[in-house]
1. Indicate the gyration tensor shape class of the range 55-118 (rounded, prolate or oblate), computed on the Cα atoms with a ≥ b ≥ c the square roots of the eigenvalues: a/c under 1.5 is rounded; otherwise a/b larger than b/c is prolate and the rest oblate.
2. Could you list, in their original order, any pairs among Lys114/Lys210; Lys127/Lys165; Lys61/Lys173; Lys61/Lys184; Lys93/Lys173; Lys108/Lys184 whose Cα atoms are separated by more than 26 Å?
3. So, in Å, what gap is there between the alpha-carbon centers of the range 190-225 and the range 92-125?
4. Label points 7 Å out from Cα along the Cβ direction at Glu111 and Asp56: separation in nm?
5. Where only protein heavy atoms count, and the probe is 1.4 Å, what is the accessible area per residue for the range 107-180 in Å²?
6. What FRET efficiency comes out for the pair Phe89/Asp142, r = Cβ-Cβ distance, R0 = 35 Å, nearest 0.05?
7. What is the distance, in nm, between label points placed 7 Å from the Cα along the Cα-to-Cβ direction at Arg204 and at Arg101?
8. Round to a whole number: what % of the accessible area of the range 59-223 belongs to carbon and sulfur, probe 1.4 Å?
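The values are calculated or read from the model by the stated rules, or taken from the named source; none is laboratory data. This one's a predicted model, so the numbers in the text were calculated from it and none came from an experiment. Cβ: placed from backbone, ideal geometry, glycine included. Neighbour counts: every protein chain shown. Surface accessibility is based on the protein's heavy atoms, side chains included, excluding ligands, DNA and RNA. Shrake-Rupley method; radii C 1.70, N 1.55, O 1.52, S 1.80 Å.
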Amino acid sequence: MTNIAKIANDLKNLLEYRQMMGLKEIPISKNSRQMKPDVPKSEISNLAEIRAELGDCTRCKLHEQRNNLVFGDGNPDADLMFVGEGPGFDEDKQGIPFVGRAGQLLTKIIEAMKLKRQDVYIANVVKCRPPGNRNPEPDEMDTCFPFLEKQIAAIRPKAIICLGKFAAQTLLKTATPISRLRGKMGEYNGIPVMPTYHPAFLLRNPDAKKQVWEDVQQVMKILNK
Ligand code: SF4
């Protein structure tokens, strides 16, 4: 498949998914939310520009086995953003984040927050699936993270929920284990960041759902202020 065909396929997947969710518009602009004063406006791209800049990315070795680059999905004006570590099998097939079993659980968490999935924005630290669902490696996260940073700058959410160790450690620039990070509000460029467990962890450890719900409730207080 040519580069252009792959990008076209990504866009087709995105359109089909959004149609399925009952959405008519493509997230392309981000003009309404006030930007942080220390970020020059000229340096903030909208989501379409960031996707175009990524192109058919070969910046790290994760491009070698991917089927689809998973850019992100949701409301470009979202108050709440979820950040995971990277696409899995289903996400790689569909080009959309969090659509497998863990994604279905994330959707339930979002709905429990009295939100719809299309209200929030969901992205990952790395945008291509690590082979065999292995953990993303430091060089891969370092290479891909600037694009997540641009997405966050474009969306400028009121709060970010980091799903799992890699998202939390990357955004908060720490090596502290997720078991100690979770439940404690951190900050990324002035945006409150709540680390919590990844939905895939919850599928294996359902007892941890209570802790995630406690974490999520802290974020709901920020959103409802
Ligand atoms: Fe490019 Fe990120 Fe994919 Fe690596 S993971 S190839 S940096 S889009």
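1. On the way: a/c = 2.89, a/b = 1.81, b/c = 1.60.
Cα axes put the range 55-118 in the prolate bin.
2. Numbers: Lys114/Lys210 17 Å; Lys127/Lys165 16 Å; Lys61/Lys173 23 Å; Lys61/Lys184 33 Å; Lys93/Lys173 30 Å; Lys108/Lys184 22 Å.
Those over the limit are Lys61/Lys184; Lys93/Lys173.
3. 14
4. Once both label points are built, they end up 3.8 nm from each other.
5. Value returned for the range 107-180: 40 Å² of accessible area per residue.
6. Plugging the Cβ-Cβ distance into 1/(1 + (r/R0)^6) gives 0.90.
7. Between Arg204 and Arg101, the simple spin-label model gives 1.2 nm.
8. Values: 3370 of 6880 Å².
The C+S portion of the solvent-accessible surface of the range 59-223 is 49 percent.
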